[in-house]
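Written out below as structure tokens is the structure these notes cover.
The values are calculated or read from the model by the stated rules, or taken from the named source; none is laboratory data. Quick caveat, the model's predicted, so the values are computed rather than measured. Here the Cβ positions follow ideal geometry from the backbone for every residue, glycine too, while neighbour counts run over all protein chains shown. These accessible areas exclude ligands, DNA and RNA; they are computed on the full protein's heavy atoms, side chains included. Shrake-Rupley method; radii C 1.70, N 1.55, O 1.52, S 1.80 Å.
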Amino acid sequence: MGKYEELYRRSIENPDAFWAEAAADVQWVKKWDKVLDDSGAPYFYRWFAGGELNTCYNALDYHVENGRADQVAVIYDSPQTGTVRKITYNELLDQVSRFAGALQAQGLKKGDTVIIYMPMIPETMVAMLACARIGAVHSVVFGGFASNELAIRINDAKPKLIISASCGLEGASKVIAYKPLLDKAIELAECKPEKCIIFQRPQVQSELTPGRDLDWNEVITAAAPVGCVNVGATDPLYILYTSGTTGVPKGVVRDNGGHVVALKWSMRYIYNVEPGDVYWAASDVGWVVGHSYIVYAPLFLGCTTILYEGKPVGTPDAGAFWRVISEHKVKVLFTAPTAFRAIKKEDPNGELMKKYDLSCFQTLFLAGERLDPDTYHWATDLLKRPVIDHWWQTETGWPIAANCMGIEQFPIKPGSPTKAVPGYNVKILDNDGKELGPNQEGIVTIKLPLPPGCLPTLWQQDQRFIESYVSVYPGYYFTGDGGYIDDEGYIYIMGRVDDVINVAGHRLSTGGMEEIVATHPDVAECAVLGVADNLKGQVPVGFFVLKAGVSKDPAEISRELVQMVRDQIGAVACFKLAIEVPRLPKTRSGKILRGTMRKIADNEKYNMPSTIDDPAVLKDIEAVVEKYGYGKARS
């Protein structure tokens, strides 16, 4: 039995012993009474019940007390402002403990909620860790989110205080003033915060509202540093909102104890990093990747984490990632496939990479959306290093499936995030909830209980948690994804269950078609979606973006794509149309907005997604589909 097989089996057969052992690596004020409290089964499970600790202590104080005071904790690299700033563990602890004192001076106490509406700057990390230090529950809302979306989150979280900055930066030169958006959100919200603390950036000076708004520098200068407040392992650390199918966002709750245990374990066993290593998650603190792998996990282990305020291309070019890796001696990079597709589009031969020394760089991890085999092969051939696809969700907070580089490296199968991570009992079910065998496609689920670090419930919505996740198939967590497990235990995620379309009675995965389209040498990125058809119910339509420098006629490429899908899936796919577009609509975290595109093609009313990166792209899609008889041409 290999090392992975042994660890995985132990995690499933004896989770109490497995996670108690992992928890021994965490600093506790009071040991737990019970590793797994299943008294709320079949829906609710709590890890390390009765235990007490402090998340901020585990991230900062522990390392300062144990020889890492002068090690760099955070490297803030902002090509958008031309700044590189290094902050040691000692310096970060000083800032966090002072800002925690400032929060307490405003009357904030354990259990109070705080919304953080900030860009990719060190002060955002300070604010998150300061909340954790005093037991306040933070909810980070992606900086620049629309006012009405922010208002919805204010009403749900009911923050006593909001922390914001004067502005954020988009791309190479765009400045987005946050204060007008925040003011409008508070005006729209029924629940008003008592105070707002605003960090003034040099690019924009915000006008403060007398009696409500406070200046960050003034409150931190006047504050005395404070120590850590003990919290229960099952007390909430943060709320992170994810989009709900009803349009009302779901507040995913993360607890304190299980979160530290799972994330610290994941750094060693999944990412294969050690204390002192430089780890870079190129994401945003507003997303789950930023929470878990920019802020918390690297600091729990005593690593140096990189906070990058920039883009993969355009700040200044497609060599930006290689510069950061080379300059800061990055060992592991974790980002989304869309970042690499952007680099591939701008610099298809990787010429810019040749300017940099990447000898420090060991592994690239990708997650956040489907990694098409073409992008996998491109990155692998270019980097000559392991490119690891792994799969997880906002709800789980850390990977469900991965090639666990710190346990045992498995051969990579393009299109698969490899095997279930220890702790996750992944099962494939049919529509009736019956477990399926190898290579049988169905619904991807996780047998309960979920491991530590996953959501215990939704913020003040237990019933919605039950309905959304744990009662669809009783005894299992419903991931919302379809897929299968092959006869070697490799998991394949074929896309959201609603990405399966019904063509004349045949259930077909648009994800499978997308993978084929993505292999075309001239295609930079693509999306395939099911649109309504009077005859067949639904038919697939492809949208593709060409790589930079391609001069071939798009109509010829379209014909080739149709033939490729026909050759590999068959005429049953009914894939007859592939449309060239200049860009695909995406969220700021890089997910393609397939659902919105489908509504446009079907001429259905749609709401502008709150997370959209550039709303103008939707107008382009509207114009293009109309030319082909879809969208408004259907009215």
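Brief remarks on what is shown
- Out of 314, 310, one residue alone is open to solvent by 30 Å² or more (accessible area, probe 1.4 Å) and either in a loop (DSSP other than H, G, I, E, B) or not β-branched (Val, Ile, Thr) (or both). It is 314.
- Residue check, residue 299 under 20 Å from residue 527 (Cβ atoms) and modelled with pLDDT of 95 or more: no
- Check on residue 193, over 22 Å from residue 307 (Cβ atoms), open to solvent by 40 Å² or more (accessible area, probe 1.4 Å) and in a loop (DSSP other than H, G, I, E, B): no
- Single residue of the stretch 156-175 satisfying the filter (more than 24 Å from residue 130 (Cβ to Cβ) and open to solvent by 30 Å² or more (accessible area, probe 1.4 Å)) that is modelled with the highest pLDDT: 175
- Qualifying positions in the stretch 419-435 - open to solvent by 40 Å² or more (accessible area, probe 1.4 Å) and touching a residue at least 24 places away in the same chain (Cβ under 8 Å): 427
- Every condition in (1) farther than 19 Å from residue 369 by Cα; (2) buried (at least 18 other Cβ atoms within 10 Å of the Cβ) is met by residue 406 except one, and the failing one is (2).
- Out of 409, 461, sole residue that is in contact (Cβ under 8 Å) with a residue 40 or more places away in the chain, out of contact with any Ser or Thr (no Cβ under 8 Å at 6 or more places or on another chain) and of a type outside the set (Ser, Thr, Tyr): 461
- Being touching a residue at least 24 places away in the same chain (Cβ under 8 Å) and within 30 Å of residue 25 (Cα to Cα) is a property that residue 326 lacks.
- Subset of the stretch 98-152 (residues that are surrounded by fewer than 24 Cβ atoms within 10 Å (Cβ to Cβ) and among the charged types (D, E, K, R)): 98, 109, 110, 112, 123, 149
- Residue count for the stretch 54-97 satisfying the condition of being charged (D, E, K, R) and either open to solvent by less than 10 Å² (accessible area, probe 1.4 Å) or within 24 Å of the chain's Cα centre (by Cα) (or both): 1.
- Matching option when the condition is open to solvent by 10 Å² or more (accessible area, probe 1.4 Å) and modelled with pLDDT of 95 or more, among 287, 265, 280: 265
- Residue that is surrounded by the fewest Cβ atoms within 10 Å (Cβ to Cβ), among those in the stretch 516-554 that are under 21 Å from residue 377 (Cα atoms) and acidic (Asp, Glu): 522
- Residue check, residue 475 more than 25 Å from the chain's Cα centre (by Cα) and without any contact (Cβ under 8 Å) to a residue 24 or more places away in the chain: no
- Among the residues listed as 7, 36, 53, 60, the single one being under 30 Å from residue 324 (Cβ atoms) and of a type outside the set (Ser, Thr, Tyr): 60
- Of all residues in the stretch 556-596 being among the β-branched types (Val, Ile, Thr) and within 28 Å of the chain's Cα centre (by Cα), the one that is modelled with the highest pLDDT: 581
- Some residue of the stretch 22-42 being in a helix (DSSP H, G or I) and surrounded by fewer than 19 Cβ atoms within 10 Å (Cβ to Cβ): no
- Here residue 374 meets the list (1) assigned to a loop (DSSP other than H, G, I, E, B); (2) charged (D, E, K, R); (3) buried (at least 19 other Cβ atoms within 10 Å of the Cβ) almost entirely, failing just condition (1).
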